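Bear in mind these aren't lab numbers, they're just calculated from the coordinates by the rules spelled out. Note that the structure is predicted; figures quoted are calculated from it, not measured. FYI the Cβ positions are ideal-geometry reconstructions off the backbone, even for glycines, and counts take in every protein chain you see.
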Amino acid sequence: MIAIVTGAGSGIGRAVTMALANAGWSVVLAGRRAEQLEKAAREAGPDDRAVAMPTDITDPDAVARLFGRAVEAFGRVDLVFNNAGISAPGVRLEDLTIEQWRAVVDVNLTGAFLCTREAFRVMKAQTPRGGRIINNGSISAQVPRPNSAPYTATKHAITGLTKSTSLDGRAYDIACGQIDIGNAATDMTARMAEGVPQANGTRMVEPRMDVNDVARAVVYMASLPLESNVQFMTVMATKMPLIGRG
């Protein structure tokens with residue numbers, strides 16, 4: 001089984017890459033930082049099982065090369081984990097620049113669309129036909145955090161992309177699901193140990209969970225036969241303040 005993971009050099013993407021490799025998958029690691037990707041690929045397995053492919057997922061030609069490299073190396077694509085994402089500075093909405101807005105939309109939404117579009121092209125043409133796409137949504141796809149308009153808007157949009165992909169993929173044996181993650185312990189959430197803004201204007205420390213728990217959840221979603229699908233899954237730190245926030 002062959003997987004492409006975006007944002008694979010660090011955080012959730014790296015953990016999922018390792019978990020997939022340990023479960024017997026061959027993985028193409030995509031991301032912007034070549035050195036991190038190469039290091040992760042070496043840890044994931046030998047060259048015939050893990051391939052690093054530096055990729056700007058906002059560039060349609062780069063995404064086409066990514067999928068071409070996967071087919072060249074392994075013959076097909078069975079899974080795409082649309083994980084790559086960024087956020088804007090946590091400033092008041094009226095202080096956001098259009099450049100900050102567009103940067104988040106380009107990576108989080110357009111990048112996921114470009115990878116999905118290319119996945120459709122490959123998965124429809126290969127034999128056996130079909131495959132699975134899993135989108136990283138975030139709990140912001142359910143309720144926002146303060147001062148998070150670009151990130152939250154794109155994650156709500158990812159839910160729409162997930163549903164449309166799931167519907168449009170039915171005829172071609174392409175399944176699509178979404179995992180919404182809350183407070184996985186990565187560099188991106190390290191600030192939570194010192195307190196993050198809450199909806200009532202206060203700051204509080206939020207508990208985090210082992211990122212490998214997320215990775216195991218993604219591997220479970222990926223392991224299902226194509227006639228079965230986890231449409232949406234939420235995996236979160238048990239005591240984080242999500243329930244009651246929205």
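With neighbours defined as other Cβ atoms within 10 Å of a residue's Cβ, the residues Thr17, Thr186, Thr238 order from fewest to most as Thr238, Thr186, Thr17. Taking a straight Cα-Cα cut-off under 15 Å and skipping sequence neighbours fewer than 8 places away in the same chain, the aspartates and glutamates within cross-link reach of Lys124 are Asp78, Asp168, Asp173. Segment Arg102..Thr238, full-extension length gain: 45.7 nm, with 0.36 nm per residue of separation and the alpha-carbon distance subtracted.
Tell me, Val27, Val104, Val205, Val214 in order of fewest to most beta-carbon neighbours within 10 Å? If you can, show how the numbers build up before the last one.
Numbers: Val27 29, Val104 22, Val205 11, Val214 25.
Lowest to highest Cβ neighbour count: Val205, Val104, Val214, Val27.
Close amide H pairs (under 5 Å, H built 1.01 Å from N) link Phe232 with Gln178, residues at least 5 positions away or on another chain. With the helix formula -39500 (n - 2.57) applied to DSSP H stretches of n ≥ 4, the chain reaches a computed 222 nm mean residue ellipticity of -12500 deg cm²/dmol. Here r is the Cβ-Cβ distance between Asp48 and Thr202 and R0 is 51 Å; the resulting FRET efficiency, rounded to 0.05, is 0.45. Here the translational diffusion coefficient of the stretch 1-75 follows from Stokes-Einstein with Rh set to the Kirkwood radius across Cα pairs; for 4 °C and 1.567 mPa s it amounts to 111 µm²/s.
Provide the convex hull volume over Cα atoms per residue for the chain, in Å³. Don't skip to the end; give the middle numbers.
Numbers: hull volume 29.1 nm³, N = 246.
Per-residue hull volume (Cα only) is 118 Å³.
With K and R counted +1 and D and E -1, the other residues having a Cβ less than 15 Å from that of Thr127 yield a net charge of +2. Per-residue extension of 0.36 nm, minus the Cα-Cα distance of Met188 and Arg121, leaves a gain of 20.9 nm for this segment.
Can you tell me the dipole magnitude for the chain around its Cα centre, using point charges on the Cβ only (Lys, Arg +1; Asp, Glu -1), in Debye to the nearest 20? If you can, show how the numbers build up before the last one.
Numbers: 26 positive and 24 negative charges, 77 e Å.
It works out to roughly 360 debye.
At 0.692 mPa s and 37 °C, plugging the Kirkwood radius over alpha-carbon pairs of the stretch 173-237 into Stokes-Einstein gives what diffusion coefficient in µm²/s? The estimated diffusion coefficient comes to 243 µm²/s.
Considering only beta bridges that DSSP places wholly inside the chain, some 5 percent are antiparallel.
By how many nm would the segment from Glu94 to Lys163 grow when fully extended, if each residue of separation counts as 0.36 nm and the alpha-carbon distance is taken off? If you can, show how the numbers build up before the last one.
Working: separation 69, 0.36 × 69 = 24.84 nm, distance 3.07 nm.
Using 0.36 nm per residue and subtracting the Cα-Cα distance, I get 21.8 nm.
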